[in-house]
Amino acid sequence: MPVSPDNQDHRDGSASVPLLLLMFVGSGCSALIYEIVWFQLLQLVIGSSTISLGVLLATFMGGMCVGSLLFPRLVSSHRHPLRVYALLELSIGVLGIVLLTAMPLVGRIYVEDFGASSAELFLRCVISAVCLLPPTILMGATLPAIARWVEASPAGISRLGFFYGSNIAGAVFGCLLAGFCLLRLFDMATATYVAASINAGVAFVSFAMAIALPYSDGVRETASRPPGKTAATPLSTSSRFAYPAILLSGMTALAAEVIWTRQLSLLMGASVYTFSIILAVFLVGLGIGSSIASTVVPRLKNPQIALGCCQMLLIPAIVWTAITVTRSLPYWPIDVSLATSPWLTFQLDLVRCAWAVSPAACLWGASFPLALASAAAGSRDPGRLVGSVYAANTVGAIAGALCASVLMIAWLGTQDAQRVLVALAGVSALIMFVPLMLQASQPHSRRAAAAMLSVVTLAGTGLSAYVPQIPTGLIAYGRYLPTYRDEPDYLYFGEGMNASIAVSEDAMTGVRNFHVSGKIVASSEPADMRLQRMLGHLPALVHPRPRSVLVVGCGAGVTAGSFLPHPEIERIVICEIEPLIPPAAGKYFSRENHHVTDDPRVEIVNDDARHFIMTTTQHFDIITSDPIHPWVKGAATLYSREYFEWCRKRLNPGGVVTQWVPLYETSDAAVKSELATFFSVFPEGTVWSNDIGGEGYDIVLLGQSEPTRIDVQALHARLLQNDRQSVRESLAEVKFDTPVDLLLTYAGNGRDLQDWLADAELNRDANLRLQYLAGMGLNQYDSVRIFDDIVIHRTFPEGMLIAMNDSERAIRSGLLPRGRK
């Protein structure tokens, strides 16, 4: 096909670059929306444990790696790159909509036909691969596809770097759009449709450009080359070392993101908004670094040196972040509870995160275009070049994410894990400098390279010693650490695979606290002991003869231990996601939990509780849930309508479900969502209060498949039996001296609260609305007001309490609505 001078500029790509950059922004935006939605969907099926998340991440990134490698080998370079890119985007959008329906179906097959087994990890991998590989392979092919629209020259490499940077810019927008808008205000279906619409728009523009801009692979090698210029000379053989260097760069980048997210979530609170902010800041740094490097690539005489210097600078950058996150940010004199709006807190978190993470993120972002320039040769297929470099970077990222999340933190701790990252950054720099020294023809060049090697070695060795240990106070008190002038004595701390934990003791009062990831989740304080004992004794006394119990969340083990004094109990299963927690509870709270971890009736299962309930074939007389706060990312799956339906399926006839609901660090909307969701499955459910001096602290929801009936006289007689001495003592320790004392904690039922819950949003698997509602109330402390709003609707439970006789007057008097006594 003859080529006119006008068309020559189009093939060179300069006129179309702005539009291509905009298209890549859209592509990155939709990809991040999909990533968040797909992870949320699959977590509902295979669980939220670190292993499950590692499998998801490895599959997602593995698909992108496969796509980047296979595309240049399977798709001919003679095909129009813009038309191929449009087909890829359109296919991603179609698969995104298909997966919205297909994932729950695949999950149902997994749960119903496979269940729990010794090969369940393999099954989780298969489920993830079936769902994620098709669309992620196409995502991985998009950058190599569009790379064929440019030449593998310095100018072309610069444009590829800008494409990569614009893709990251879109990813930032997609991350914030999904986390702060689409999933907060709508649901996963809406987010998917928005992402698919973006794919369709990008595909339409790309198709239109393909029609307007002719492409001929045979002409492109000379069309964009100025007259008189010859084909680019291949770079030195040292360019091949760019691949292991960018692989290690990807490894350190993703490992650092995992480690720093773990630490920053302690500081900022592990809500869905925190994770969106951290990811967005990290991506912004990558985009800035990529853009800066893309600008300077055409001017570089030796990009290998620039890549080596970039990796060398990562050594102090990693140490900077390690010091900032552990020695500086936790001690900024800031009381986050003073914020009048969650948006003010988000601004603070954004600044703190950017201050800590940006330097290293910019250097990792710059590494990709520098690696492209280092590996480039003018005669190469740009698609193959980009695909191979991108694949190397992605393989490293997979290894880094898996090693950090599954191995390094749990085995080494975050301190030594970051020292490993420093060492890997030094190795990556050495990989680039050693060949340059060996191939240098001039003595001064060899001396310069040797000097760089010495600097790298000394910097890596010296600076790694400055990586500090994470403060135990940060593990214990998280974002409130600056408000504690006198910290307690720490008896234990540990960094586990899923959470960091600590045990503290107040020297003055002797009160022990159990801390998980920056929060006190249990303690020997009277209020906490009362709640934990209620979660055990209340269902055990409501059920006429309980034999089997499932406890969701171990904590200090007090709830599980409350079942041990009941002589009918034959088996207790404790499902705890973090393996470090049960041993610590057994050692430091043995008196309070009646040595629960040593009792032969107790079985401890380390798994995501939702996954366990969905896949087990066991049934229980009692299921009691004492999970972490609903604002913590992932916890909302243990408060959803579907979760409660699974609990009901796992109950024996006459079985009882209890659920803890906090009234502090939350909002009206979140509490209403929790109650309305529970009552949608257990319409005859009841509310029981852990009130102190008439003021609400938290509540317990109790539900059965049939209406709850409590024979007060029979309950009283049951507690007076000789084999109930330990039960009476356990209740008396938390001020429940008689059955009447326990029954007086009744605070209402679903019928009483219908009007109050009229505007409540149900927490469904499809939206997980609760974690977004609760995240907005993270720093609110309105427990007294919320409790008053609940209890004022209470009426006397005529049908629930029977055969009261002498106890009737005391109970009726105590359960009169607030303000009517």
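The numbers here are math on the coordinates, done by the rules we state, and not lab data. Owing to the predicted nature of the structure, the values given are computational and were not obtained by experimental measurement. With ideal geometry, Cβ positions are generated from the backbone for all residues, glycine too; neighbour counts draw on all protein chains shown.
Using just its DSSP H runs of length 4 or more, each adding -39500 (n - 2.57), the chain gives a mean residue ellipticity at 222 nm of -19000 deg cm²/dmol after division by all residues.
Could you tell me what percent of the DSSP beta bridges with both partners in segment 506-574 are antiparallel, to the nearest 5? Show your work: numbers first, answer last.
Details: 4 of 8 bridges.
Here the antiparallel bridges make up roughly 50 percent for segment 506-574.
Of the peptides 243-256, 480-493, the ranking by mean beta-carbon count within 10 Å, highest at the top, reads 243-256, 480-493. Here segment 50-69 and segment 464-522 have alpha carbon centers that stand 33 Å from each other. Under the shape rule built on the C-alpha gyration tensor, where the axes satisfy a ≥ b ≥ c, segment 618-687 is prolate, since a/c reaches at least 1.5 and a/b is greater than b/c.
Taking a cut-off of 18 Å, what percent of all Cα-Cα pairs in segment 22-177 are separated by more than that? Value for segment 22-177 (Cα pairs over 18 Å): 61 percent. Shape call for the chain from the C-alpha gyration tensor, a ≥ b ≥ c root eigenvalues: rounded (a/c under 1.5), prolate (a/b greater than b/c) or oblate? Cα axes put the chain in the prolate bin.
For segment 613-763, the Kirkwood estimate of hydrodynamic radius, built from reciprocal distances between every pair of different alpha carbons, is 16.6 Å.
I'd like the antiparallel share, as a percent to the nearest 5, of DSSP beta bridges with both residues in the chain.
Expressed as a percentage, antiparallel bridges in the chain total about 60.
Which of rounded, prolate or oblate describes segment 140-212 when judged by the alpha-carbon gyration tensor and an a/c cut-off of 1.5? Oblate, since a/c reaches 1.5 and b/c is not below a/b. Projecting the Cα atoms of PHE368, GLY553, ASN763 onto the charge dipole of the chain, computed from C-beta unit charges around the Cα centre, puts PHE368 farthest toward the positive end. The peptide list 57-66, 96-105, 781-790, put in order of mean Cβ contacts within 10 Å with the highest first, becomes 57-66, 781-790, 96-105. The long axis of helix 526-542 is offset from the longest Cα principal axis of the chain by roughly 70 degrees.
Give me the percent relative contact order of segment 29-132, please, defined on Cα pairs under 8 angstrom at least 6 residues apart. Over segment 29-132, the number comes to 48 percent. Just how far, in whole angstrom, is segment 706-735 from segment 353-375 if you go by their alpha carbon centroids? One Cα centre to the other: 64 Å.
Taking the C-alpha atoms only, the angle from helix 17-46 to the longest principal axis of the chain is near 30 degrees.
For the chain, lysine pairs separated by 8 or more sequence positions, or belonging to different chains, with Cα-Cα distances below 20 Å total 4. From the alpha carbon centroid of segment 321-338 to that of segment 259-304 is 20 Å. Mind pulling the angle between the C-alpha long axis of helix 50-74 and the longest principal axis of the chain? Nearest 10 degrees, somewhere in 0 to 90. Relative to the chain, helix 50-74 is tipped by roughly 20 degrees.
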